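What follows is a single structure, written as structure tokens, with notes after it.
The values are calculated or read from the model by the stated rules, or taken from the named source; none is laboratory data. The shown structure was predicted, so the numbers you read here are calculated from the model rather than taken from an experiment. We place every Cβ from the backbone using ideal geometry, glycine too, and count neighbours over all the protein chains shown. Calculation scope for accessible area: heavy atoms of the full protein, side chains included, ligands and nucleic acids excluded. Shrake-Rupley method; radii C 1.70, N 1.55, O 1.52, S 1.80 Å.
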Amino acid sequence: MYKESTNVVVKHLVNRLRDITTTSNEFRLTIEEIARIIASEALNNYPTATKEIETWQGSLDVEMIDVQKLVLVPILRAGEPMLTGILRTLPYARSGFLAMKRDEQTAQSKLFYENIPNLEDKTVLLLDPMVATGGSLIDGIEYLKSKGAKKIVSLNILGSQEGVAVVQKAFPDVDIFIAQIDPTLDENKYIRPGLGDAGDRAFNTND
Ligand code: PRP
Ligand code: URA
């Protein structure tokens, strides 16, 4: 399934990303903020574990997210601020990394680097702000499955209608939580209206 956020704060923040006057520093911080909200939406029905903690009035059984069962995997570069944001909320989650780059001419993604921890019994939160053709996400999911991932949840910020549909069709078992979906892709496979190149906007390399 995929779920587009209905949260008005998320919409507001996505529109800050669309605004071309938003500086790269604010762009990264905004991605962090949106990622934290989307992660909360995705984890809302995630099973919790009972844990005994010591409170100021003695011991108490409480429900906690079993953070040790989560693995956060950003697709670099643009996924990096999503990781930073979510780690502020869940600092003890494990992280893995996939570094991919879309070819400018063909829009095919290529994996340059990976470092994925043991995924046995884990839920992977796969982090990439942009789903344009869906190619990078599909490659990322395939790679994680080849490493043994059984449960993958994709957290994204902006997608094209067709990109999200392609990923859903390829992997109906992967849940997608996305901030917003735009109608089309342009001739260069950029999301329209979109926000431009997220990696370049985030890391100040768009000149
Ligand atoms: C962007 C984006 C996604 C991908 C989406 O990354 O962050 O990973 O493109 O496009 P797709 O759905 O058509 O595959 P890019 O390859 O430009 O690298 P970057 O993060 O370093 O900018
Ligand atoms: N990558 C981006 O960063 N933006 C797009 O619109 C498409 C791919």
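Data for the structure
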{"read-out": "Cα-projected label distance for Gln161 with Glu63, points at 7 Å along beta-carbon direction, nm", "value": "3.8 nm"}
{"read-out": "DSSP-defined antiparallel bridges as percent of all bridges, region 106-192, nearest 5", "value": "10 percent"}
{"read-out": "Calculated FRET efficiency for the pair Asp103/His12, C-beta based, R₀ 30 Å, to 0.05", "value": "0.35"}
{"read-out": "Carbon + sulfur, % of accessible area of region 121-201 - ligands and nucleic acids excluded, 1.4 Å", "value": "49 percent"}
{"read-out": "Check: the chain dipole with +1 on Lys, Arg Cβ and -1 on Asp, Glu Cβ, in debye", "value": "140 debye"}
{"read-out": "Proximal lysines relative to Lys101, as straight alpha-carbon distance under 19 Å, when same-chain residues fewer than 8 apart are discounted", "value": "Lys110, Lys189"}
{"read-out": "Integer Hz, Karplus 6.51/-1.76/1.60 couplings in order for region 19-28, x for Gly and Pro", "value": "5, 5, 7, 5, 6, 5, 5, 5, 4, 5"}
{"read-out": "At 1.306 mPa s and 10 °C, Stokes diffusion of region 5-131 via Kirkwood alpha-carbon radius, µm² per second", "value": "96 µm²/s"}
{"read-out": "Dipole axis of the chain (+1 Lys, Arg; -1 Asp, Glu on Cβ), positive-most option in Gly199, Thr184, Met100", "value": "Met100"}
{"read-out": "If the convex hull is drawn through the Cα atoms of region 52-207, its volume per residue in Å³", "value": "133 Å³"}
{"read-out": "Other-chain or far-sequence residues with amide H under 5 Å of Leu185's (modelled H)", "value": "Arg192"}
{"read-out": "Computed label-point distance, nm, for sites Asp207 and Arg77 using a 7 Å Cα→Cβ extension", "value": "1.4 nm"}
{"read-out": "Helical contribution to [θ] at 222 nm, DSSP H n ≥ 4, -39,500 (n - 2.57), averaged over the chain, rounded to 500", "value": "-10000 deg cm²/dmol"}
{"read-out": "Relative contact order of the chain, pairs being alpha-carbon contacts under 8 Å that are 6 or more residues apart, as %", "value": "24 percent"}
{"read-out": "Mean projected area in nm² (Cα convex hull; one quarter of hull surface) for region 1-45", "value": "3.4 nm²"}
{"read-out": "Mean Cα-pair separation over length for region 1-66, i.e. relative contact order, pairs under 8 Å, 6 or more apart, %", "value": "21 percent"}
{"read-out": "Packing-based ranking, highest mean first, of 188-196, 67-75 given that Cβ atoms within 10 Å are counted", "value": "67-75, 188-196"}
{"read-out": "Extreme residue, positive dipole direction of the chain, given options Val67, Phe112, Ile31 (C-beta unit charges)", "value": "Phe112"}
{"read-out": "Two-site label geometry, Leu111 and Thr55: point separation in nm, points 7 Å out along Cα→Cβ", "value": "4.5 nm"}
{"read-out": "Segment Arg192-Lys3, extension gain: residue separation times 0.36 nm, minus the distance between their alpha carbons", "value": "66.1 nm"}
